[in-house]
Ligand code: MN
């Protein structure tokens, strides 16, 4: 099967779609209200660039929060998953799997606080078949168009951030009933901007990570994926004890 895969890639019958946003000092990061501690963004520090500090080589160090840019949430990130895997322990079987893409970009264009429901998933299943075991649900909202601008991406006003997410009951269903292993979004986190006021707060984090499942955020190019039939890959850094990591997310798609 891998010979066929390699030949299909070489001959262009399988396309690789990069689902990753670029990492730089301007990559949007989440902003928590007082009194919570916030995360640093991504910063490069030049060590040498073919100069006195290293005449033949260019290299940098970088600093970054674990939850910066396109990144992976490990179960231990949330208190409900505190005894579960850190990001170095996540089995790679969970980081690769069939993708289904539910497109709610039209609904989100009309209402940035749109919440995905179990009925949305049932409607998707009636058209495209059952959700795949070991798979990832990728939630297309059109929010990736805002990903180069912190203010547009967070979309906050005096009542807080307004970005799309998922209903509490749907988050619980994905965690406890569905055969999926992960949930991927285009927004800064897997929960809605207003999910701080839900019960429980941040239900996607609460239920999915507590069920030893995963999240990936700040995805790009979901519009290039079919509703079913793509293979999703997310490769986080193997940070020992880490709660998450920036990752390279991609999909293999039949051309
Ligand atoms: Mn995160």
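I need a count of the residues in the stretch 208-230 that are assigned to a helix (DSSP H, G or I), buried (at least 24 other Cβ atoms within 10 Å of the Cβ) and within 15 Å of the ligand (Cβ to nearest atom).
Within the stretch 208-230, the first condition is being assigned to a helix (DSSP H, G or I), and the residues that meet it are 208-210, 222-224.
Filter once more, keeping what is buried (at least 24 other Cβ atoms within 10 Å of the Cβ): 208-209, 222.
Subset that is within 15 Å of the ligand (Cβ to nearest atom): 208-209.
Selection size over the stretch 208-230: 2.
Would you pick out the residues in the stretch 52-73 that are away from the ligand (no atom under 16 Å from the Cβ) and assigned to a strand (DSSP E or B)?
The initial filter retains those residues of the stretch 52-73 that are away from the ligand (no atom under 16 Å from the Cβ), namely 52-63.
Scanning the stretch 52-73 gives 54, 55, 56, 57, 58, 59, 60, 61, 62, 63.
Just need a number here: residues in the stretch 141-160 that are more than 16 Å from residue 21 (Cα to Cα), in a helix (DSSP H, G or I) and touching a strand residue (DSSP E or B) at 6+ places or on another chain (Cβ under 8 Å). Steps first, please.
At the first step, the residues of the stretch 141-160 found to be more than 16 Å from residue 21 (Cα to Cα) are 151, 155-160.
Within this subset, residues satisfying the condition of being in a helix (DSSP H, G or I) are 151.
If we keep only those that are touching a strand residue (DSSP E or B) at 6+ places or on another chain (Cβ under 8 Å) too, we end up with none.
Matching residues across the stretch 141-160 total 0.
For the structure I just gave you, tell me whether residue 46 is surrounded by fewer than 18 Cβ atoms within 10 Å (Cβ to Cβ), out of contact with any helix residue (DSSP H, G or I) (no Cβ under 6 Å at 6 or more places or on another chain), assigned to a strand (DSSP E or B) and at pLDDT 95 or above. So residue 46 passes the test.
Only residues that are assigned to a loop (DSSP other than H, G, I, E, B) and either free of Cβ contacts under 8 Å to residues at least 12 places away in the same chain or more than 14 Å from the ligand (Cβ to nearest atom) (or both) were counted in the stretch 74-95, giving 7.
Would you mind stating whether residue 112 is assigned to a loop (DSSP other than H, G, I, E, B) and touching a strand residue (DSSP E or B) at 6+ places or on another chain (Cβ under 6 Å)?
Values: assigned to a loop (DSSP other than H, G, I, E, B): yes; touching a strand residue (DSSP E or B) at 6+ places or on another chain (Cβ under 6 Å): no.
Spelling it out, it is not the case that residue 112 is assigned to a loop (DSSP other than H, G, I, E, B) and touching a strand residue (DSSP E or B) at 6+ places or on another chain (Cβ under 6 Å).
Does the stretch 183-191 include one or more residues that are assigned to a helix (DSSP H, G or I), surrounded by fewer than 23 Cβ atoms within 10 Å (Cβ to Cβ), in contact (Cβ under 8 Å) with a residue 12 or more places away in the chain and under 15 Å from the mean Cα position of the chain (by Cα)? Give the steps one after another, and end with the answer.
Of all residues in the stretch 183-191, those assigned to a helix (DSSP H, G or I) come to none.
Taking every residue of the stretch 183-191 in turn, none turns out to be assigned to a helix (DSSP H, G or I), surrounded by fewer than 23 Cβ atoms within 10 Å (Cβ to Cβ), in contact (Cβ under 8 Å) with a residue 12 or more places away in the chain and under 15 Å from the mean Cα position of the chain (by Cα).
The values are calculated or read from the model by the stated rules, or taken from the named source; none is laboratory data. Not measured: the values here are computed from a predicted model. Ideal geometry is used to build each Cβ from the backbone, glycine not excepted, and the neighbour counts take in all protein chains shown.
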